[in-house]
Amino acid sequence: MTSPITVPVVLGERSYEISIGPGLLAEAGTRIAALAPQARLAIVTDTNVAGLHLATLAESLDRAGLAHQTVTVEPGEASKSFTTFARVCEDLIATRVERGDLVVAFGGGVIGDLAGFAAAVIRRGMRFVQIPTSLLAQVDSSVGGKTGINSRHGKNLVGAFHQPSLVLADTSVLDTLSKREFRAGYAEVAKYGLINDAAFFGWLERRWRDVMAGGAAREEAIAISCRSKAGIVARDETETGERALLNLGHTFGHALEAVTGYDSRRLVHGEGVAIGMVLAHEFSARLGLCSQETPSRVAAHLAEVGLPTRIGQIPGGAGSADALMTAITQDKKVKRGRLTFILTRGIGESFIADDVDPAAVRHFLAEKLADGPDAAAPVTGP
Ligand SMILES: NC(=O)c1ccc[n+]([C@@H]2O[C@H](COP(=O)([O-])OP(=O)(O)OC[C@H]3O[C@@H](n4cnc5c(N)ncnc54)[C@H](O)[C@@H]3O)[C@@H](O)[C@H]2O)c1
Ligand SMILES: O=C(O)C(=O)C[C@@H](O)[C@H](O)[C@H](O)COP(=O)(O)O
Ligand SMILES: [Zn+2]
């Protein structure tokens, strides 16, 4: 087996490594034992991932002599709720894991955020390991220490910064991911190009089919994404400045997720981000910050990949401009009541814009909603 790609996340005493490559699940036992030889493990996963990959992880931990128990939740965004969080905390405490033991987040971003938040608060803080199994989790959510759950007022409004001690991204587990979920993760990959790396976005435009197919191009895209995120997180761990760039498309996207009731059948996070990134580029063009060709190029690429790019593609619609604005004004980037958006001057030229006029955003959204439902390209499906 070839050695995995390693990406360091440099954060002083909270530094850790991301390992990326095929077959890492079978090595999880030895790698975790090297980190914490005596630890007992509490694995948090969802029923999909458990059914497909838990046996491989469990065998690896057994071989390394690591005791482990599992807490399982239902798949989907609805599990990032107070109710599920409370149950997971109680179940984890019932396993009698101690402060020196490890929580293992084994799944997509929902599991990483949920289990990571539980690890942040149980016994006032336990170490945890991320074993991300979706593309989205491998390129984004397992890195950087944002953990949390949703509120009825908005996405991720309850949470903590809590860095993992290790990230193991086994790229071969992505072979069992649905096309829809793979595409959703691809939106966050494209985000890194759109933030500050026009060459990467151009590479994706040429090579996206290879990224979807697997192999070297997919691993390269995951590694480039992780390096980009690790660099930003190392410079601004708790989002006092530059880290907000990772929120490109998210102010709109999170509002869309909130008004669609965190219902994964209608919209998953990466799809919200895809639509949100197109909206952020269109809004930038509307403000005269970039040319009209910029949003057209972004939308064309995301649509070619099979992602939704318009609000009208969300089954059941996305409520009203007022409902979206209510969610947007709860965004964590709001400062002294003023809206912050990630806007752009062109592909790979994103910047943080504070004091964005809410009336202009509302007017823009009302116009987008007036376009009405679009039956041409439904977001759901395989
Ligand atoms: N903390 C962060 O920095 C950060 C970054 C980006 C996104 N997020 C959060 O991540 C969540 C989205 O993550 P996601 O897209 O991974 O969603 P998810 O965790 O719901 O996973 C998507 C679906 O894929 C299934 N799945 C996962 N791995 C699989 C595999 N290998 N084979 C088959 N099925 C598999 C899951 O069971 C689920 O049904 C959102 O809640 C979002 O807010 C957090
Ligand atoms: O890591 C970050 O910082 C991000 O913003 C990454 C996003 O892709 C991710 O969806 C994150 O959870 C959003 O953070 P939030 O602070 O807006 O909830
Ligand atoms: Zn995201």
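Only the coordinates and a few stated rules stand behind these numbers; no lab work does. Owing to the predicted nature of the structure, the values given are computational and were not obtained by experimental measurement. Reconstructed Cβ throughout: ideal geometry from the backbone, glycine too, with neighbour counts over all protein chains shown.
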Please report how far the C-alpha centroid of region 241-267 lies from that of region 39-91, rounded to the nearest whole angstrom.
26 Å
Modelled FRET efficiency - R0 25 Å, Leu35 with Arg207, Cβ distances, 0.05 increments:
0.15
Report the extension gain between Ser320 and Glu98 in nm, rounded to one decimal, defined as 0.36 nm multiplied by the number of residues separating them, less their alpha carbon distance.
75.2 nm
Give me the lysines in straight-line cross-link reach of Lys146: C-alpha distance below 27 Å, same-chain residues under 8 apart excluded.
Lys80, Lys155, Lys179, Lys191, Lys229, Lys332, Lys333, Lys335
Give me the extension gain from Lys335 to Ala160: residue separation times 0.36 nm, minus the current Cα-Cα distance, reported in nm with one decimal.
61.1 nm
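Based on the Cβ-Cβ distance of Ala234 and Phe351, what FRET efficiency does E = 1/(1 + (r/R0)^6) give at R0 = 22 Å, to the nearest 0.05?
Numbers: r = 20 Å, r/R0 = 0.90.
That gives a FRET efficiency of 0.65.
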On a 0 to 90 degree scale, rounded to 10, what angle separates helix 198-213 from the longest Cα axis of the chain?
60 degrees
For Asp140, what charge total do you get from the other residues with a beta carbon under 10 Å from its beta carbon, if Lys and Arg give +1 and Asp and Glu give -1?
+2
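Can you put His301, His250, His162, His269 in order, fewest other beta carbons within 10 Å first?
Working: His301 23, His250 26, His162 20, His269 29.
Ordered from fewest to most neighbouring Cβ atoms within 10 Å, His301, His250, His162, His269 come out as His162, His301, His250, His269.
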Arrange Trp203, Trp208 by Cβ neighbour counts within 10 Å, fewest through most, would you?
Trp203, Trp208
Projected onto their principal axes, the Cα atoms of the chain stretch, largest extent first, over whole-Å spans of 60, 40, 40
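Note the full-extension length gain between Asp371 and Arg87 as 0.36 nm times their separation in residues minus their Cα-Cα distance, in nm to one decimal.
Values: separation 284, 0.36 × 284 = 102.24 nm, distance 4.18 nm.
My answer for the length gained is 98.1 nm.
Report the FRET efficiency, 1/(1 + (r/R0)^6), for His363 and Glu304, where r is their Cβ-Cβ distance and R0 is 22 Å, rounded to 0.05. Could you put the intermediate results ahead of the total?
On the way: r = 30 Å, r/R0 = 1.34.
Efficiency, rounded to the nearest 0.05: 0.15.
Within 10 Å of each candidate Cβ there may be at most 13 other Cβ atoms; applying that plus a DSSP loop requirement, which trypsin sites (Lys or Arg not before Pro) in region 94-127 survive?
Values: sites: Arg96, Arg99, Arg123, Arg124, Arg127; in loops: Arg96, Arg99.
Counting only loop positions with at most 13 other Cβ atoms within 10 Å, the trypsin sites (Lys or Arg not before Pro) in region 94-127 are Arg96, Arg99.
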Using the charge dipole of the chain (Lys, Arg: +1 at Cβ; Asp, Glu: -1 at Cβ; taken about the Cα centre), state which of Asn156, Ile347, Ile93 has its Cα farthest towards the positive end.
Ile93
